[in-house]
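First the structure, in the form of structure tokens, and then the observations on it.
The values are calculated or read from the model by the stated rules, or taken from the named source; none is laboratory data. Bear in mind the structure is a predicted one, so any value in this text is a computation, not a measurement. Here the Cβ positions follow ideal geometry from the backbone for every residue, glycine too, while neighbour counts run over all protein chains shown. The accessibility values were calculated without ligands, DNA or RNA, using every heavy atom of the protein model including side chains. Shrake-Rupley method; radii C 1.70, N 1.55, O 1.52, S 1.80 Å.
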Amino acid sequence: MAKKSNNSSDSRLRGVAQTVAQTESKLPKYTELRGSVYWFKRRAPKPLSPRDTLDLDGQPISIGKNGYVKFSLRTSDAREASRLARKYAHLLDEAAEGAGHAREAPQAHARRPQSSRTQPTLVEASELTSAQIQRAAASMYADLLAADEQTYFEGLAALASEDAFASMDDEPEIREPDRYLWSASDLPPVGLRGQAQLLKQIMPTLNFYLAQVAHKVVAGPAPELIPFADAFRRFVDAMEKRRQAQHVPTPESEQGREPLTLSVLYEKFRTYKTQTGSWKNPEVQDAREYGPVVREFIKVVGDKEAHRLNFKDGEKYFEYMMGREDISLGTKKRNFSRVKALLNYGGKKHSIPNITGPLEINASYKKTHNSYERFTADDLKALFHSAAYEKGTFKKASEYWLPILGLYTGARIDELASLRVDHVREIDGVWCYFVSSIKANKGGKNQYAPRWIPLHPQVLKAGFLEHWKTVANEGHERIFPELGEAQRDGPAKRATTDFVNYRRSVGVGTTDGRSTKVFHSFRSTLVSELIRRKTDDYTRIQLLGHTVGDGDSKFKGVHFDVYDQSEFDAKKSLKVLAKADFGLTHPKFVDTTAMETARLRRQQKTTQQSMRDATPQHRKPSRGRAAT
């Protein structure tokens, strides 16, 4: 090669220049600004030694020959740099303490360089896996770019220092970055011979990264090692672009890092959301909200390394999702938002590529979320003035009560189907029920779901309290035990099927396939009625258990999110809810023999299942052998 880098073979950082002194008073003294990026720089405490390698929060860092720990914090924000610097300073102290006690600290530990451990195994190149070679080549490429970036900023800092040109006879010695030392003309020509020649020239560097990634080295060039030659040519190409002032980002080094697959990324995302309290009920969020969507995304693009995601992956998932005809536009937009939440987390915490561009639906909230129509006056008459209500032919109490409760509460079907007997009580002279408790349906859809709702006068008039007392006296835990407990959707699964069959029987909505008029339409029906009656906005939002959205900005912020700890005002809530009047008459509820039998049958099944679970299962005697 015509030119040789001044980088030493060990650290590639020889001749470090002085850096610009930090001026931000709130920043720790062990941070410094290089160009527009903050770096961490601190002398390693004893007994740590130069060339020791540290694991700082999963990031491999080597102590320089001068005894300093230096690396980029990869941020230009002073506050974030301050936070990261203090964290790494603490981990560095833990590493030193752990080395002094001959043990590893829980989050950071020191490890001796390769020479002090068992030597790498000499193998044939064919014995290396493709993944090992690719990771080692990627680490080499990232580290070479990082070395150039570091020396470039150090050179700028030295030139900008106050005494850089104190005298023309005493100019500081500044090492040229690699961008000024390399060009394509320095490399062998492209081709089989050129690739083999280049591999031979970079064998020491190549083996260094193979040892770091796989703890293996090779004796000489081989066709399997071509990715190293390709990576080195990309590095030289990047140096030419940087020399021309083009921006070439330095990727994160993969050295010492376990592959971050999308499955692993989701587990980290789930843990983060759980520990920060962002997910009120992690089990529900994982099983019913984010988990199924993310697993479908992984099925479409493959469980690949997150750092190898590309724009085509985003396009592929977008085309797949938009091609589905079994879900609404609102559901598609919701799925995109959940995948974007995962990818944005990966970008902030693990520097994965941003491929969220294609995952957008440019449609208004109303167009994507108004897939359920409210019930009209004629729909309500068909539903509540039917022969089943007038003649009392329902076979289950839930078939009578759930539509009435849905109309006068606007609650979700799983909230009502899982109502518990012990969650009905009188508050300040007002009878109320509590929905979406942890015991009932694991806390409901969001943090606003658990709430008290007053019993509407029409619900009381229809005899709800009498039915509640009957069920309580029979010893049931739920008000509608006849619905059972499906594995996925709990009692809501049976309740949904019952309502769909009933709705179709009275001619509301479509008679087959997906309908825009479903049980959830009661929610829109009640909201529309309360708005028409000009009720108090905040009380209405509380009663419905709605998430406060952008349109409700006056109820957002610290005032409502943190300091709103006021107790439930039963009288005020009843005053708002009682204004809902749909002009309907509801016949008094009659608990029939069929309804009692349905509850008893479910109770017996539950008891039998409990007995089976508690009884050891014995193996049946085989054929031809008499049972003793």
Can you tell me the order of 132-140, 597-605 when each peptide is scored by its average per-residue count of other Cβ atoms within 10 angstrom, highest first? 132-140, 597-605
Ranked by how many other beta carbons lie within 10 Å on average, peptides 209-221, 532-544 from highest: 209-221, 532-544
Probe 1.4 Å, accessible area per residue of region 274-353, Å²: 52
Which of the residue pairs Lys381/Lys461; Lys461/Lys575; Lys517/Lys575 have a Cα-Cα distance greater than 20 Å in the structure shown? Lys517/Lys575
C-alpha center-to-center spacing [region 197-267, region 272-313] in angstrom: 29
